[in-house]
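Working notes, structure below.
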Amino acid sequence: MQGARILLIVGGGIAAYKACELIRLIRKAGATVRCVLTAGGAHFVTPMTLAALSEQPVHTSLWDLKDEAEMGHIQLSRQADLVVVCPATADLLARMAAGIADDLATTLLLATDKPVLAAPAMNVRMWRHAATRRNVAALRGDGVTVLEPDEGAMACGEYGPGRLPQPEAIMAAIAEALARLSPSTSPPTPSPTPSEVEGRLPPAPSEVEGRLPLAGRHILVTAGPTHEPIDPVRYIANRSSGRQGFAIAAALAALGARVSLVAGPVALPTPPGVARIDVETAREMAAAVAAALPADAAVMVAAVADWRVADVGERKLKKTGDGAPPPLALVENPDILAGLARDPRRPPLLIGFAAETHDVVPHAIAKRARKGADWIVANDVSGDVMGGAANTVHIVTADGVESWEELPKEQVATRLADRIAAAIGRTRA
C-alpha cells in the first residue's frame with residue numbers, strides 16, 4: 001500500500017468514531033488519506049480530529065469556495081486510487097444506489113472513476129430490510145465492493161448483523177482492493193454477441209501473455225440453495241451446499257474477471273476478489289440477478305426452489321387436534337434462467353446448471369432448449385454430490401455433449417472457467 005491514495009468518506013452514525021482508527025491504520029501502511037465528512041458524520045467526529053489524524057485538509061461542503069478553488073470536487077474524486085465509505089449508513093447506501101448527488105460525498109461518489117469500497121453500519125432491521133438489500137445488490141452489481149457487516153450487540157440494544165466491521169477487517173479489504181487494481185491501461189475488448197458464443201466450447205486457453213484472460217469482463221454467478229419460508233420457523237429448501245458455485249466464482253476471479261456472486265443461505269467464506277450479494281428466497285435471487293446486469297456471462301449454478309408457499313404463516317403453524325398436517329398451497333417461483341434468457345440485457349454467454357437424478361444428459365439437452373441457455377452443465381445428484389467434494393459433469397452445447405471424469409469441485413470450476421475465458425476472454429495477440 002506504500003504511496004496509495006485513499007479518499008475516505010465518513011458517514012453519519014455512532015460507528016463513525018472507528019474511522020479515526022482506520023485512518024491510523026491506513027497511514028501506518030504507508031498510504032495517504034484525505035477525508036470527506038458528511039453532515040451526519042460531523043455529529044459524531046469533528047473535522048479537526050480527522051485533519052489531525054490524516055494531516056490533510058478535511059472537506060465538508062460542496063459549497064466551500066476556498067476548497068473548490070484549491071481542489072474542486074471533480075478533481076478530489078479523481079485523485080484517489082480508492083474511495084472508501086466508512087461508515088456507510090442505510091441512507092448513504094440508498095443515495096449511492098440511486099445516483100443522487102445532493103452533497104459533497106454523494107457528488108464525489110457519482111463523479112469518481114475509481115473503485116469504491118463501502119463498509120456498512122446500521123440497525124439490524126435496517127440492514128435486513130428489503131430496500132437495503134436491493135440497494136446493496138444494485139451497488140455490488142455496479143462494481144462497488146460492499147462489505148458484510150459484523151454481527152453483535154448494537155448501541156440501540158438490539159443484536160444481529162449491522163455492526164461496522166472492525167478497522168483491521170476494513171483495512172484488509174482496502175489492501176485487497178488496491179491489489180486488484182490492474183496496471184494495464186489497454187482498452188477493454190468488446191463483448192462478443194450471443195450468436196458468436198452460442199454452442200462454442202473451445203479447448204482450454206493458455207494464458208494470454210502478460211494479461212489475465214478475463215480482465216475487464218463482468219461475470220454473474222449464482223450459487224447455493226434458496227429457502228422458501230412456510231412460517232417464521234420452517235422453510236422449504238434443498239441440500240445444495242453452494243461449494244460448486246463458490247468454486248466457479250473463485251476460479252473466474254483468478255482469471256481476472258469482476259465477479260458478482262449472488263449467494264443463497266450457505267456458510268461459506270466469500271472468495272477473494274468476488275463481490276457477494278446474499279439472498280434467501282428465489283424472488284430475492286431473481287431481483288439480485290437483475291440488479292447485477294449487464295454482464296458478459298452468467299453462470300447460474302444455484303439450486304433454486306421451484307415452488308414456494310402461497311401464504312406464509314405469520315406465526316408458527318400448529319398441529320390440529322387430529323394430528324393432520326396443515327394444508328400448504330404451493331405456487332411456482334420465477335424461472336431465473338429462462339427469464340434471463342429473455343431479458344434484453346441477456347449476457348452474451350448464458351450457462352445453466354441441471355441437477356438430475358436420472359437420465360441426466362437427455363434432461364439437460366431438453367433443458368437447454370427449453371430455457372434458452374447457451375450451455376447447460378449437467379450432473380447426477382443421486383449420490384452425495386450436493387454437499388460433497390466431487391462432481392461429474394456433462395457440458396451440453398449446440399455442438400453436442402462433452403463428458404468429464406469425476407473431479408474435485410475446485411477442478412471442475414477451473415476447467416469451466418478456462419472454457420469461459422476461451423469464449424469471451426481477451427483476444428490473443
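The values are calculated or read from the model by the stated rules, or taken from the named source; none is laboratory data. In this text the structure is predicted, and so the values were computed from the model without any measurement. Note: ideal-geometry Cβ built from the backbone for every residue, glycine included; neighbour counts use all protein chains shown.
Just one of the numbered conditions (1) buried (at least 21 other Cβ atoms within 10 Å of the Cβ); (2) among the hydrophobic types (A, V, I, L, M, F, W, C); (3) at pLDDT 95 or above is not true of residue 94; which one?
Exception for residue 94: condition (1).
Select from the stretch 115-143 the residues that are surrounded by 14 or more Cβ atoms within 10 Å (Cβ to Cβ) and in contact (Cβ under 8 Å) with a residue 60 or more places away in the chain and list them in ascending order.
Answer for the stretch 115-143, where residues must be surrounded by 14 or more Cβ atoms within 10 Å (Cβ to Cβ) and in contact (Cβ under 8 Å) with a residue 60 or more places away in the chain: 115, 117, 121, 122, 133, 134, 136, 137, 138, 140, 141.
So that you can scan it fast, the table gives a plain yes or no per residue for (1) touching a Leu at 6+ places or on another chain (Cβ under 7 Å); (2) of a type in the set (Lys, Arg); (3) within 30 Å of residue 378 (Cβ to Cβ):
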residue: 276; (1), (2), (3): yes, yes, yes
residue: 297; (1), (2), (3): yes, no, yes
residue: 300; (1), (2), (3): yes, no, yes
residue: 306; (1), (2), (3): no, no, yes
residue: 315; (1), (2), (3): no, yes, no
residue: 323; (1), (2), (3): no, no, no
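Exactly one condition in (1) surrounded by 14 or more Cβ atoms within 10 Å (Cβ to Cβ); (2) in contact with a helix residue (DSSP H, G or I) (Cβ under 7 Å, 6 or more places away or on another chain); (3) more than 30 Å from residue 232 (Cβ to Cβ) is false for residue 368; which is it?
(2)
Scan the stretch 226-249 for residues that are assigned to a strand (DSSP E or B) and either under 16 Å from the mean Cα position of the chain (by Cα) or charged (D, E, K, R) (or both) and jot them down.
Across the stretch 226-249, the qualifying residue is only 228.
Collect the residues in the stretch 257-273 that are at pLDDT below 90 and either in a strand (DSSP E or B) or not hydrophobic (A, V, I, L, M, F, W, C) (or both), keeping them in residue-number order.
If the condition is that a residue be at pLDDT below 90 and either in a strand (DSSP E or B) or not hydrophobic (A, V, I, L, M, F, W, C) (or both), then 269, 270, 271, 272, 273 are the ones that fit.
Of the residues 133, 125, which is farther than 21 Å from residue 275 by Cα and either outside the structural domain of residue 286 (by TED's automatic domain parsing) or part of a helix (DSSP H, G or I) (or both)?
125
Quick check, is residue 355 buried (at least 16 other Cβ atoms within 10 Å of the Cβ) and under 17 Å from residue 282 (Cβ atoms)?
Judged against the criteria, residue 355 is a match.
Mind counting the residues in the stretch 313-328 that are of a type outside the set (Lys, Arg), exposed (fewer than 10 other Cβ atoms within 10 Å of the Cβ) and either on the phi > 0 side of the Ramachandran plot or within 33 Å of the chain's Cα centre (by Cα) (or both)?
Step one: filter the stretch 313-328 for residues of a type outside the set (Lys, Arg), giving 313-314, 317, 320-328.
Applying the additional criterion that residues be exposed (fewer than 10 other Cβ atoms within 10 Å of the Cβ) yields 314, 320-325, 327.
Filter again for either on the phi > 0 side of the Ramachandran plot or within 33 Å of the chain's Cα centre (by Cα) (or both), leaving 314, 323.
So the answer is 2.
Within the stretch 63-81, how many residues are modelled with pLDDT of 75 or more and within 31 Å of the chain's Cα centre (by Cα)?
7
Return yes or no: is residue 305 small (Gly, Ala, Ser), buried (at least 19 other Cβ atoms within 10 Å of the Cβ), in contact (Cβ under 8 Å) with a residue 24 or more places away in the chain and closer than 24 Å to residue 249 by Cα?
The answer is yes for residue 305.
Among the residues of the stretch 255-264, is there at least one that is touching a residue at least 24 places away in the same chain (Cβ under 8 Å), in contact with a His (Cβ under 8 Å, 6 or more places away or on another chain), among the charged types (D, E, K, R) and in the same structural domain as residue 310 (by TED's automatic domain parsing)?
yes
Results for (1) modelled with pLDDT under 90; (2) polar (S, T, N, Q), shown as yes or no for each residue.
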residue	(1), (2)
333	no, yes
342	no, no
346	no, no
353	no, no
356	yes, no
363	no, no
368	no, no
381	yes, no
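If residue 342 passes every condition in (1) of a type outside the set (S, T, N, Q); (2) crowded, with 20+ Cβ neighbours inside 10 Å; (3) in contact with a Gly (Cβ under 8 Å, 6 or more places away or on another chain) but one, which one does it miss?
(2)
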